[in-house]
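These notes are about the structure you will find just below.
The values are calculated or read from the model by the stated rules, or taken from the named source; none is laboratory data. Here the structure is a predicted model, which means the values were calculated and not measured. A quick note on method: Cβ atoms are made from the backbone with ideal geometry, for glycine too, and the neighbour counts reach across all protein chains shown.
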């Protein structure tokens, strides 16, 4: 008996579980993808003639993993040990969504690894409390980082040393600080949590018995915290962004996306990718 969870791709990096009623705890698909990515960490890879520690999804294609092909291939294989593609769903479309999701989860995994290195260092070496929120703004020196530990990265000591040096470099600090400023400057924060837009949509449908529109899910994830003002969104930018969805830019984006998707994956998948891309473009 096949006990794998049936899923189908949606949008650009999301998944729908058709058999889920929207209630209770369920395995989050991209969380399992992240677990597989960390498990298959390639360690040191050769890129452009230089040995570096793998720290992007593309790097996973540069290292062989036993008889499974590359580390990317092994992650794909492990992913489908947990899940099964819905009958009739497009495998090329599933691969498109899988690789997009894997790129994001790989980036997040290494960002989380750096933050964990900071929290472990403060708690075990300095005996000081440290939260992830504070750790995001702290950059350890290479020597400090080497005194810390992140289990799935430290399986390859050479890769761990390379990453500690990279995270301590001025180049990485500048990139990290710039990205943080960019995130903070973006309007329209949200409270999707780890489930994301797709699962929030399924939960809302379970609560009301009616499938919510994109905008209903958007607003639900951006409600403010004042119970006396339920109409207030989490910030002013959330309303600005919602209005901008109707702009000429969105219409242009949809036309280009329609032409690309129909040529690559067929008309039946166009609507699903289009809605997901809209969410990615304007929410994230």
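Within the stretch 76-96, being under 21 Å from residue 26 (Cβ atoms), touching a helix residue (DSSP H, G or I) at 6+ places or on another chain (Cβ under 8 Å), part of a helix (DSSP H, G or I) and at pLDDT 95 or above holds for 78, 79.
This table checks each residue for (1) assigned to a loop (DSSP other than H, G, I, E, B); (2) surrounded by fewer than 17 Cβ atoms within 10 Å (Cβ to Cβ); (3) outside the structural domain of residue 155 (by TED's automatic domain parsing); (4) touching a residue at least 40 places away in the same chain (Cβ under 8 Å).
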residue	(1), (2), (3), (4)
27	yes, yes, no, yes
30	no, no, no, yes
34	no, no, no, yes
37	no, no, no, yes
46	no, yes, no, no
55	yes, no, no, yes
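Residues of the stretch 119-178 that are more than 26 Å from residue 51 (Cα to Cα), in a loop (DSSP other than H, G, I, E, B), in contact (Cβ under 8 Å) with a residue 24 or more places away in the chain and touching a helix residue (DSSP H, G or I) at 6+ places or on another chain (Cβ under 7 Å): 136 alone. Kindly indicate whether residue 123 is assigned by TED's automatic domain parsing to the domain that holds residue 14, modelled with pLDDT of 95 or more and either touching a strand residue (DSSP E or B) at 6+ places or on another chain (Cβ under 9 Å) or surrounded by fewer than 16 Cβ atoms within 10 Å (Cβ to Cβ) (or both). For residue 123, the condition - assigned by TED's automatic domain parsing to the domain that holds residue 14, modelled with pLDDT of 95 or more and either touching a strand residue (DSSP E or B) at 6+ places or on another chain (Cβ under 9 Å) or surrounded by fewer than 16 Cβ atoms within 10 Å (Cβ to Cβ) (or both) - is met. A single entry from 82, 93 fulfils the requirement of being buried (at least 18 other Cβ atoms within 10 Å of the Cβ) and touching a residue at least 60 places away in the same chain (Cβ under 8 Å): 93.
Can you find a residue in the stretch 141-149 that is more than 24 Å from the chain's Cα centre (by Cα) and modelled with pLDDT under 95? No, the conditions are met nowhere in the stretch 141-149.
May I ask you to list the residues in the stretch 65-75 that are out of contact with any helix residue (DSSP H, G or I) (no Cβ under 8 Å at 6 or more places or on another chain) and more than 20 Å from residue 31 (Cα to Cα)? Matches in the stretch 65-75: 67, 69. Note on the stretch 96-112: residues that are surrounded by fewer than 19 Cβ atoms within 10 Å (Cβ to Cβ) and more than 13 Å from residue 33 (Cβ to Cβ) total 2.
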